[in-house]
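Peer 1: My questions all concern the structure below.
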Amino acid sequence: MLDSASALLYNHFRDRLTKNAARLAAYAAVSDQFEEGPIATELLTKFDKQLIQHEALILNYALHYRKDAEFKSTIVEELSRLTFPHQIREQQTQP
């Protein structure tokens, strides 16, 4: 396999997705260390590679240290809105 599953999925559905959705596949390619796959290479040329690497690192770090389902749900919800990882804020629960 030359590309991450996310890059392959993005490539398959790219006609139905916005350009900004490609950022999610780029984060995954960096996180999974598949940056040099043919799809990932093309994706990364569309963005600032250092920004993608930085955002992927933020996601990896957060998901490694916070394993609870509520936090992961927040991450998925915000990423589905194409929020940059550095802009995702933890939801505070009301007592």
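Peer 1: Which ones in the range 72-89 are over 17 Å from residue 57 (Cα atoms) and either at pLDDT below 90 or open to solvent by less than 100 Å² (accessible area, probe 1.4 Å) (or both)?
Peer 2: Hits for the range 72-89 are 73, 74, 77, 80.
Peer 1: State all residues of the range 47-71 that are in contact with a His (Cβ under 7 Å, 6 or more places away or on another chain) and either open to solvent by 20 Å² or more (accessible area, probe 1.4 Å) or under 14 Å from residue 90 (Cβ atoms) (or both); if no residue qualifies, say none.
Peer 2: 58
Peer 1: Residue under question is residue 44, and the condition is that it be among the aliphatic types (A, V, I, L, M) and either open to solvent by less than 60 Å² (accessible area, probe 1.4 Å) or within 22 Å of residue 14 (Cα to Cα) (or both); does it hold?
Peer 2: Judged against the criteria, residue 44 is a match.
Peer 1: Please go through (1) among the hydroxyl-bearing types (Ser, Thr, Tyr); (2) modelled with pLDDT under 90; (3) surrounded by 12 or more Cβ atoms within 10 Å (Cβ to Cβ) for residue 93 and return the number of the only condition it doesn't satisfy.
Peer 2: Failed condition: (3).
The values are calculated or read from the model by the stated rules, or taken from the named source; none is laboratory data. Since this is a predicted model, take the numbers as computed values, not measurements. Don't worry about glycine lacking a Cβ; one is built from the backbone with ideal geometry, like all the others, and counts go over all protein chains shown. The protein model used for the area step is the full one, side chains on, heavy atoms only, and it has no ligands, DNA or RNA in it. Shrake-Rupley method; radii C 1.70, N 1.55, O 1.52, S 1.80 Å.
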